[in-house]
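Below you'll find the structure, written out as structure tokens, and then a few comments.
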Amino acid sequence: MKIQGVRLYGVKDIRLEEFELPEIEEDEILLKIICNGIAMSTLKEITLAQRHLRVPKNIRKKPILIGHEFSGVIEKVGKRWENEYHQGEKYVIVPEIPNQIESPGYSYEYFGGAATYCIIPGDVIEKGCLLHYEGDSFYEPAMAQALYSIVGSFHSNYHSKPGSHEHISGIKEGGNTIIMGGCGPMGLMAIRYVLEMDKKPKRLVVTDTNQKRLEKARKLISVQEASRHGVELYYINPAMVPDSATVLLAVTCEKGYDDVFVYAPPKNVAEIGNRIMGMDGCMNIYAATADKRYRAGMNIYGSHYLKTKLIGSSGGLRSDMEEAIQLIHDKKIDVSMGISHIGGIDAIVDTTLYLKQMQGTKKIIYPQINMPLTAIEDFEKLGKQDPLFEKLADACQRNQGFWNPEAEKILLEHYQVL
């Protein structure tokens, strides 16, 4: 069958093309893609191209499909899986495939989310990376693939068990946690996740140098709401003070932070994070650049005497995805609060290439339709000329201005996607 998809050929060389998708083998499944999230990590992927750890060297001859945050419905099931999966049911993908570096959107010729259809290989299904989904939307499971990496990062941190060489997984309960550069779409989900954790920190500090973004986060997740969850929440703009490390340490009464999460790539962010760690502190580099030679200074004295640890995390486990989906299902985390734009398959190339320069937060794509990337805040204005946007604006206004299942249904029914 012929499909449309965005494929990577080289450094920042991505192309929306129509090409032939082969017939599935008996151990494969054909997926119809309804929703695909544009991730900053995809921009890093296309910037590195063949130099990226997950991208094959031969993409000029065999380009790969990009996109790893996607959901949809099962279109066709290979004979091997007929008793487990069925045509028409919704799915969600676990992008981090166990025991391999290859992953969807990075490594496969026919397995990625920036397309109308794709094929999930049999060995990926065998490893438990195709999950059933029973929710009432498609953007939520697509966003769950971003949330699950946040969940995974918080489980990745660890601390020493007193009197033992064993480690305790997760952030320190009752401790001090900081999310640096934490007011973007990923940061907002991370803040909400902390408030919903069973083992919460006593204090959560969130920093961002973008004052407008920081104020928006403060409005969406207030200090008062955090207090009701048993967490002291502080929003701080490091650019407003001469020495941010001194101010950040003062919040902890000079004790320092047990858990530091770096959500912004500039090296000075990581260096400040390293300075403010307390005894047995753990710093997680969650954001990075496409530069493989990127370096930042580290306090070796602190590592030796304070037993501080530096780790990095990317992706997660199937259990992290299951937790993320449950959080969304239970309405403990509303992933829509991080979505600012929607668009169709024709918007993927430019949105990915110019993601850093674009206003707003998370961009969501519906590959089955053609539609320019459009800000949700512009729906009302566009609705004066276009009845579709009038309906979308009304649906979003009924949901605090956020994208929502009702609006998505209106969009998909208008274009007769399902």
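Structure notes:
- Between the helical axis of 185-196 and the longest alpha-carbon principal axis of the chain there is an angle of about 60 degrees.
- Close amide H contacts of ASP334 (hydrogens built in the peptide plane, cut-off under 5 Å, sequence separation of 5 or more or a different chain): none are found.
- Mean projected area (nm²) of the alpha-carbon convex hull when the stretch 20-176 is viewed from all directions: 12.3 nm²
- Per residue, the solvent-accessible area of the stretch 1-158 (1.4 Å probe, heavy atoms of protein chains only, all protein chains present) comes to 38 Å².
- Rounded to the nearest 10 degrees, the inclination of helix 405-414 to the longest alpha-carbon principal axis of the chain is 20 degrees.
- FRET efficiency for the pair GLU254 and ASP291, taken as 1/(1 + (r/R0)^6) with r the Cβ-Cβ distance and R0 = 25 Å, rounds to 0.15.
- DSSP finds beta bridges in the stretch 131-260, and of those with both partners inside it, around 20 percent are antiparallel.
- With DNA, RNA and ligands ignored, accessible area of CYS253 (1.4 Å probe; Å², nearest 10): 100 Å²
- Near-label residues of the stretch 295-319 by backbone N, under 13 Å of a point 7 Å along Cα→Cβ of GLU271: 295-299
- Gain on full extension, evaluated as 0.36 nm per residue between LYS44 and GLU377 minus their Cα-Cα distance, stands at 117.1 nm.
- Heavy atoms of MET197 accessible to a 1.4 Å probe, total area in Å² rounded to 10: 30 Å²
- Only protein atoms count toward the accessible area here, which uses a 1.4 Å probe; on the chain, the carbon and sulfur part of that area reaches 49 percent.
- Packing-based ranking, highest mean first, of 106-113, 210-217, 78-85 given that Cβ atoms within 10 Å are counted: 106-113, 210-217, 78-85
- Sequence-distant residues sharing a close amide H with GLY67 (under 5 Å, placed H): GLY113, ALA114
- Ranked by solvent-accessible area (1.4 Å probe, protein heavy atoms only, all chains present), the residues HIS341, HIS414, HIS155 order from largest to smallest as HIS414, HIS155, HIS341.
- Accessible area per residue (1.4 Å probe, heavy atoms of protein chains only) ranks VAL241, VAL92 as VAL241, VAL92, with the largest value leading.
- Proximal lysine pairs, the stretch 290-418, alpha carbons under 23 Å, eight or more residues apart or interchain: 18
The values are calculated or read from the model by the stated rules, or taken from the named source; none is laboratory data. All values derive from a computational prediction rather than experimental measurement. Please note: Cβ atoms are built from the backbone with ideal geometry, for glycine as well, and neighbour counts cover all protein chains shown. Heavy atoms of the whole protein, side chains included, go into the accessibility calculation; ligands, DNA and RNA do not. Shrake-Rupley method; radii C 1.70, N 1.55, O 1.52, S 1.80 Å.
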